[in-house]
Amino acid sequence: MSGTCVIGLQWGDEAKGKLVDLLTEQHEIVVRYQGGANAGHTVVIGPDTYKLSLIPSGILTPGVQCVVTGGVVINPPSLLNELDGLTARGIQIDDNLMLSDRAHVIFPWHMIEDRTLDESTADGENIGTTQRGIGPCYRDKVGRSYALRLGDLLRPTLRERIEYIVAAKQKILATFDNQTEDSLDADRIVQEYTGYADRLRPFIGNTNNFLLDAVELDKHILFEGAQGALLDIDHGTFPFVTSSNSSGVGVPSGSGIPGSYMQRVIGVVKAYTTRVGGGPFPSEQDNDHGQHLRDRGNEYGTVTGRPRRCGWFDAVAARYTTRLSGVTEVAVMLLDVLSELKEIKICVGYEIEGQRTESFPSHVDDLRQVKPIFEALPGWQTDICDVRRLEDLPVHARNYLDRISMYIRRPITYVSVGPERSQTIQCRQEPVNCELA
Ligand code: GDP
Ligand code: IMO
Ligand code: MG
């Protein structure tokens, strides 16, 4: 039993890509199991920066098998663009990439729906989706009637299925936006997707059986989460979430591998918090502190380029997602971004209607109302980008990590002090203390 999962514990962009790249050498298989091209995972190796979206970050390590399972939604042109981009940069992609025939396919109507139907919630606040057709594709998956999977692209019934769906979608879309009606041309879509199918055919297979066999052979499998647990469709800050189970609970359902196989669950957090898109964010700093974090952390979305909202580390939220995801250890990323600050805050509790709580509310209206309770800690005001051992960190940086570990009650086993692969402190032998003070 040797499955390792990497799960974001905040609202995404916790630097999961960097950690997955780092862990890949200890694994034979790397799996993406939920989400789609809404994800943007950055890996920096020496002078080279790679931005991965649908293809597992493990693809950058030769000899590693990468698998995209049935829980992922795939937009074929995005995938092919990514594949061509990586190949052009000398990354070999052939039988080291396998795509599930069960993965649902994003079509042009999903992109239109994301723009026209899904942008705002009932109370008018925008979800601010990545506009990649993710929500509409998952909606059709659950609805079943208008869904097509990668395996369907290879079947002789493809034209018939597309014509049926286009006719229905035209009617639905016409009631929302008359302009889009004409842009769905079944013939053109059949031709386009037949072309994609021809290119993708060699990669498509039964990933469930492949992975179940791998488990029996005791292969080391690394599961690469996308988004973050607070964006989980069932357990996140609904409706300001993505449309898949992006917390740890999504690993078995998305991959088809039983949860009992997951031995190590590494929760990934930034040393502060960011969020892209709408929705409440109790520890947000819409002020000079937030701008400082955005500037130092280069907090602009990997996928859409949008400025990320920035705030202090929220220990209430992180403790909730740590427990939700079955996290066994934590990686704290982007610690260097805090290096210039004189004082650093951690949100250690919420006040709701005059009452203090450490429990994360389930309703978005309650979360909107919470007043964050902060603990202030002294900053270290020293550059830490070249530190490689825990004991070489300034004492205030170690204290800050100790506090995080204490609040979320898990050991910290990795600390990242810069985007590059080598700018990492591994503290597995001597984890930061997580005992309650
Ligand atoms: P992901 O979606 O979780 O993989 O994260 P993103 O790639 O969207 O965002 C993380 C960003 O932080 C990327 O630009 C990384 O190159 C960068 N990054 C990763 N680790 C560190 C770090 O320790 N320090 C700094 N300054 N940047 C980092
Ligand atoms: P990675 O894997 C940060 C956010 C969007 C929006 C909400 C719904 O790079 O961490 P969607 O397009 O999924 O329907 O958008 O979710 N979102 C992300 N935010 N990182 C991501 O992925 C995200 N994927 C989706 O900004 O608020
Ligand atoms: Mg990202």
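Just so it is clear, none of the values below were taken in a lab; they were calculated from the coordinates. Predicted model, so just to flag it, every value in this text is computed and none were measured. Glycine also receives a Cβ, built like all others from the backbone with ideal geometry; neighbour counts cover every protein chain displayed.
Of note:
- Distant-in-sequence amide H partners of Gly248 (H built 1.01 Å from N, under 5 Å): Ser325
- Scalar couplings 3J(HN,Hα) for segment 358-364, obtained by applying the Karplus form with A = 6.51, B = -1.76, C = 1.60 to θ = phi - 60°, are 10, 9, 7, x, 8, 9, 4 Hz; x denotes Gly and Pro.
- Gyration tensor verdict on segment 1-49 (Cα atoms; rounded if a/c is under 1.5, prolate if a/b is larger than b/c, oblate otherwise): oblate
- Measuring r between the beta carbons of His220 and Gln381 and using R0 = 51 Å, the FRET efficiency lands at 0.80.
- With helices as the sole contributors, the chain gives -9000 deg cm²/dmol at 222 nm; each DSSP H run of n ≥ 4 counts as -39500 (n - 2.57), and the sum is divided by every residue.
- Spin-label model distance (nm) - Ser422 vs Leu80, 7 Å beyond Cα toward Cβ: 4.0 nm
- Relative to the current alpha-carbon distance between Thr116 and Arg89, full extension at 0.36 nm per residue lengthens the span by 6.1 nm.
- Residue-span extension gain [Thr194 to Asp366] - 0.36 nm each, minus C-alpha spacing: 57.1 nm
- Descending by average beta-carbon neighbour count within 10 Å, the peptides 100-110, 123-133, 29-39 line up as 29-39, 100-110, 123-133, the highest first.
- Between Asp13 and Gln227, the built amide H atoms are under 5 Å apart, and every one of these is 5 or more places off in sequence or on another chain.
- Evaluated at q = 0.12, 0.14 Å⁻¹, the base-10 log of the normalised Debye intensity for segment 97-254, with identical point scatterers placed on the Cα atoms, takes the values -0.63, -0.84.
- Prolate/oblate/rounded label for segment 1-145 (Cα gyration tensor, a/c 1.5): prolate
- Shape call, segment 58-127: gyration tensor on alpha carbons, a/c limit 1.5: prolate
- For the chain, the fraction of alpha-carbon pairs lying more than 34 Å apart is 31 percent, rounded to a whole number.
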